[in-house]
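Below is one structure, written out as structure tokens; the observations come after it.
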Amino acid sequence: MVSAFNARDRRLTLAFLDEEDTVAPRGGGGPPYRRAGDHQRQIMVRRAVGVGIVVLILILLVLGVRGCLNARKQRGFENYVSDLNAITAQSKQLSNDFFNRLNDPGNLSPLSFEAEIKADRGTADGLASRVNGLNTPDELKSAQNELSLAYQLRLDAFTGIADNISTALGNQGRTEAVNAIAGYMQYFLASDVLYQQSQAQIDSGLKDQGIDEKAPDSVFLPSTDWLDPLKVSSALALVSGGKATTSGTHGLALYQTTVKPGDVSLDPNSAATITGSGPPEVDVQVQNQGDSEETDVGVNFQLTGGTQTISGEGTIPRIAAGGIQTASIPIQPAPDTGQQLTLEVTVTPVPGEQIADNNRSTYQVTFK
């Protein structure tokens, strides 16, 4: 029975396509006949209508699929920006926590302070992993590469700082560790530059897609002052514990700088000429202005303006309260002659030192 109906349906369909109008013969005699021309036109019209319907259906399908793909693509961009907003918000919190702790460590002991730094490194590691795992639209791949590098630099900075913080809070090797930490602060600065470049590319990509959103701002280094080792050492000197727990006040001052050969005393307000024979050397007198003995006092210099930057450092084993001691640091290699150079001398603040304004002096010198 079902087969009979199906066969009947097919015959009706074919009859529709091939249906022809019949015309009665003139005079009423004979059977009706079909017009050949009208028959052919009707077939063509019906076929054209059928093809048009099929084409219309295909067009609607294509438009529907394209609309779905465009909507999906837009959601991809929007999700990318949303995820980036969450990451940068946590990165900003990490920056605030880290630098606020440096500015005011409160009652943290050196061990507790070191533990906080290592925890910060763990947070930076998590942020770098989240950035690398972002579902990035193809149009933003270049921006994503710079974004990943920016967060990797932040992680590298925390890794280096965590590796040096214990030494920087101690006695032996403190100056070298502080200088290393200041160097890792440069990583934060570089990461901010890379992020800004990535941000501009992301904004451009969003605009090209007609999406009214922008990538969030992200600045990790709050001030370039943190690139200065004196700033870093002054901050770390505030960490309680160790020598800083002794009673009384703590404070050092750069008392006098002398350069050999010639034993020329330097004045920050006057240029000096160094003449004579013998190996060049910087002698730095440091005064203990506190009422407690200070040990392992770090002193360093940097000579710039020539063909190369020359640096050196030394340590004063002990300075009694109110006393003055000298650190003698050789200038190696020999400085350029016949041109004015800039000599910057710094005394590393000791734990508990509140003011470090008098721990550094800069001089203009010319070696003959």
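Would you tally the net charge around ILE319, using a Cβ to Cβ cut-off of less than 9 Å, leaving ILE319 out, and scoring K and R as +1, D and E as -1?
Numbers: positive: ARG318; negative: GLU293, GLU294.
Cβ neighbours under 9 Å give a net charge of -1.
Taking only the C-alpha atoms of the stretch 104-166, the Rg (one decimal) and the largest Cα-Cα distance, Dmax (whole number), read 15.1, 49 Å. If you plug the beta carbon distance of ASP203 and ASN103 into 1/(1 + (r/R0)^6) with R0 = 30 Å, you get a FRET efficiency near 0.40. Separation of the stretch 311-364 and the stretch 77-99, taken as the distance between their Cα centroids, equals 41 angstrom.
Lysine pair count for the stretch 88-239 (Cα-Cα distance under 26 Å; residues 8 or more apart in sequence or on different chains): 8. Remark: accessible surface ordering of MET44, MET185 (largest first) is MET44, MET185, probe radius 1.4 Å.
How do the peptides 202-212, 121-131 rank, highest first, by the average count of neighbouring beta carbon atoms within 10 Å per residue? Please report the intermediate quantities before stating the final value.
On the way: 202-212: 15.5, 121-131: 17.9.
My ranking of the peptides, most packed first, is 121-131, 202-212.
Please find the FRET efficiency linking LYS92 to SER129, where r is the Cβ-Cβ separation and R0 is fixed at 25 Å, and quote it to the nearest 0.05. Efficiency, rounded to the nearest 0.05: 0.90.
The values are calculated or read from the model by the stated rules, or taken from the named source; none is laboratory data. Bear in mind that the values here come from a model prediction, so they are computed numbers and not experimental data. Note that each Cβ is placed from the backbone with ideal geometry, even for glycine, and that neighbours are counted across all protein chains shown. Keep in mind that these areas ignore ligands, DNA and RNA; they rest on the heavy atoms of the full protein, side chains included. Shrake-Rupley method; radii C 1.70, N 1.55, O 1.52, S 1.80 Å.
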